[in-house]
């Protein structure tokens, strides 16, 4: 019961998946065959694909790898329309796979349990535990989401970014990552509200948020700050990665036609995150880059570090018209 109590005391969504694993380890140690070692992991489709394409020389000590044959099996499992519990015979023993209906950190995730002698009662126990986890996680998510768009809210931003900057939250890639904070601001949004009304304006916000969710990757953190302002936190292997990611989204948005409104453009400011730098400082850097984009034609992406290197910005806080608080 103590492991269950520990789970229910968690209010930080990013800590839920590790707490779920701790709970499962404890329960299975009591109800599964004690002679069998139990190995388990929460794995997302995004992580799976990244591992399958990673260079053999790249390693991440936080990631517990599986034999290559397992990844092929799991990729086929992810492609199922309505996946259920499945048990696979592998060269190293039986692998049980459970769909994870609600993983906070990932859109498509599974629970892997390596165990050669899980009884039907133990499997049922796991499924009941996951059902309980789903309902509890849903309550946490509801508290952390923006009511209109379903994106994460400002309160959650402070928690997530603080963890990233303290190196406490690591997406399980097998190559070095850099984190970037990005502010998205819809161009001339007030004009949309004044011309078409606030209901159409809300529809634009909702459709844009859905477009962002479809365009970016599992594990990318997307927030609505209020009004027409959105913030994203992205992890990329290098600077080229974030440039390609944002360029692709901008092209996708340019090709999208919003009902009644037509084309909507967006200005973007990006800043690189660094360890032990306060979240508000990184946010101000991204805001400076966004302000520069707004003042120099809109509908463009500006990078704080590039503007700094080009002498177009000074390394100080610029107070602009864009209110984030």
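The values are calculated or read from the model by the stated rules, or taken from the named source; none is laboratory data. The shown structure was predicted, so the numbers you read here are calculated from the model rather than taken from an experiment. Every residue, glycine as well, gets a Cβ built from its backbone with ideal geometry; the counts of neighbours run over all protein chains shown.
Inspect all residues belonging to the stretch 234-243 and state whether any of them is closer than 23 Å to residue 144 by Cβ and either buried (at least 20 other Cβ atoms within 10 Å of the Cβ) or not assigned by TED's automatic domain parsing to the domain that holds residue 189 (or both).
yes
Identify all residues within the stretch 259-268 that are surrounded by fewer than 18 Cβ atoms within 10 Å (Cβ to Cβ) and touching a strand residue (DSSP E or B) at 6+ places or on another chain (Cβ under 9 Å); write none if there are none.
Of everything in the stretch 259-268, just one residue is surrounded by fewer than 18 Cβ atoms within 10 Å (Cβ to Cβ) and touching a strand residue (DSSP E or B) at 6+ places or on another chain (Cβ under 9 Å), namely 265.
Which one of 286, 274 is assigned by TED's automatic domain parsing to the domain that holds residue 190, assigned to a loop (DSSP other than H, G, I, E, B) and under 17 Å from residue 162 (Cβ atoms)?
274
Can you tell me which of 24, 30 is modelled with pLDDT of 70 or more and part of a helix (DSSP H, G or I)?
Selected residue: 24, the only one of 24, 30 that is modelled with pLDDT of 70 or more and part of a helix (DSSP H, G or I).
Output the residues belonging to the stretch 175-187 that are modelled with pLDDT under 95 and surrounded by fewer than 21 Cβ atoms within 10 Å (Cβ to Cβ).
Of everything in the stretch 175-187, those that are modelled with pLDDT under 95 and surrounded by fewer than 21 Cβ atoms within 10 Å (Cβ to Cβ) turn out to be 175, 176, 177, 178.
All but one of (1) more than 19 Å from residue 222 (Cβ to Cβ); (2) at pLDDT 95 or above hold for residue 268; which doesn't?
The failed condition is (1).
Determine whether residue 271 is touching a residue at least 40 places away in the same chain (Cβ under 8 Å), farther than 18 Å from residue 153 by Cα, crowded, with 19+ Cβ neighbours inside 10 Å and under 22 Å from the mean Cα position of the chain (by Cα).
Answer is yes for this residue.
Hey, residue 256 hits all of (1) surrounded by 16 or more Cβ atoms within 10 Å (Cβ to Cβ); (2) touching a helix residue (DSSP H, G or I) at 6+ places or on another chain (Cβ under 7 Å); (3) free of Cβ contacts under 8 Å to residues at least 60 places away in the same chain but one; which does it fall short on?
If we test residue 256 against (1) surrounded by 16 or more Cβ atoms within 10 Å (Cβ to Cβ); (2) touching a helix residue (DSSP H, G or I) at 6+ places or on another chain (Cβ under 7 Å); (3) free of Cβ contacts under 8 Å to residues at least 60 places away in the same chain, just (1) comes out false.
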